[in-house]
Structures are given as C-alpha cells and as structure tokens.
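Input: a single structure, listed below in structure tokens.
The values are calculated or read from the model by the stated rules, or taken from the named source; none is laboratory data. Because the structure is a prediction, the values reported are computed rather than measured. Counting neighbours? That spans all protein chains shown, and the Cβs are built from the backbone with ideal geometry, glycine included.
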Amino acid sequence: MKKISYLLIFFMLTGCGYEPIYSKKNSKNILIKNYILEGDKNINKKLVSLLNLKNGNGQELSSYNLILDSKKSIETAAKDSSGNISIYKTTISINFSLNSLDSGTKIFESKNFDASFSYNSVKNKFDLSQYQKTIEQNLIERLAEEILIYIKS
C-alpha cells in the first residue's frame, strides 16, 4: 500500500506542469543590436552584464535597441535627536525600453523598475561606504532578475 501511495504522489507531482522561469522553451528570442545607456554608468554596465542578452552583428528580423536609463539616490530617512543621520534609504530606478529597429522609434517593450532598501547608519564612514556598495550591488541583482522575468514572460 505504501508503494502505491508513493507512486501516486510521484505521478501527481510530475504532471503538475511545473516549468522553471528561466527555461529556454517558449521564451522570446530577443537580439540586441545597440545598447543606449543613460544615467549612472556603473549601474548600467552591471545590469548589461547581469542580463546577458545576446548582442547581434547582422541585420536579423527580431533585433532591438536596448535603452537603459538608471538613477541612484541615497536619501536621509531619519535623524537622531542630535541631528545626525541614523537611517539612510538607497533607491535605484531603471527605465527599461526595447525599441524596434525596423520601424525606427517604435517601442516594443517599456517598463520602469524600482528597488529600495533602508539601513542604519554606521559611525565609520569607510564601513558605511562599503555597506552602501554592497546594498547597491544587491539592488542591481534584484532589478536584473525582475527585468529578465519581464522579458521572458
């Protein structure tokens, strides 16, 4: 009886239709002809390397211009009683656009992506700047995942 129940559970799990998000099957074949990067250069370079979109040399039918406009801001979220900053908020905004090469400036896909993170201040300014770089990298990775999911769906 145990073997039958295990077999039944196995067939139920294999027949549920699960597919990985990043699977190659049924994904859009997007070929990037040109990259137009505006805003923060470091964020754009990291995003392009994380997105890992194909760059084409020839004139294919489904090639696009990728436009990334990124902005980073570090704001004061709270101050203590003596007026020193106690909480910072880092926000990264990305305007993502794919323009078709065939019709000039026709927008194929366009969306804004935002990610933010609040954190406590640190007395040592070097440690604070290192922590801010780590937070920036994590936010960029999160935004790259969101963009990939948006492109693949």
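The table below gives the values:
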| item | result |
| --- | --- |
| Any hit, segment 20-37, residues being of a type outside the set (A, V, I, L, M), in contact with a helix residue (DSSP H, G or I) (Cβ under 7 Å, 6 or more places away or on another chain), part of a strand (DSSP E or B) and at pLDDT below 85 | yes |
| Of the criteria (1) modelled with pLDDT under 90; (2) in contact with a strand residue (DSSP E or B) (Cβ under 9 Å, 6 or more places away or on another chain), which one SER116 fails | (1) |
| Residue count for segment 110-132, restricted to those that are basic (Lys, Arg) and farther than 30 Å from SER153 by Cβ | 2 |
| Residue list for segment 138-153, restricted to those being surrounded by fewer than 13 Cβ atoms within 10 Å (Cβ to Cβ) and either within 10 Å of the chain's Cα centre (by Cα) or at pLDDT 95 or above (or both) | ILE149, TYR150 |
| Selected residue (only one of PHE126, PHE108 is modelled with pLDDT of 90 or more and of a type outside the set (Asp, Glu)) | PHE126 |
| Boolean, SER93 is among the hydroxyl-bearing types (Ser, Thr, Tyr), modelled with pLDDT under 90 and surrounded by 12 or more Cβ atoms within 10 Å (Cβ to Cβ) | no |
| Long-range neighbours under 7 Å by Cβ, at least six apart or interchain, first residue surrounded by 18 or more Cβ atoms within 10 Å (Cβ to Cβ) and aromatic (Phe, Trp, Tyr) within segment 31-47, second modelled with pLDDT under 90 and assigned to a strand (DSSP E or B) | none |
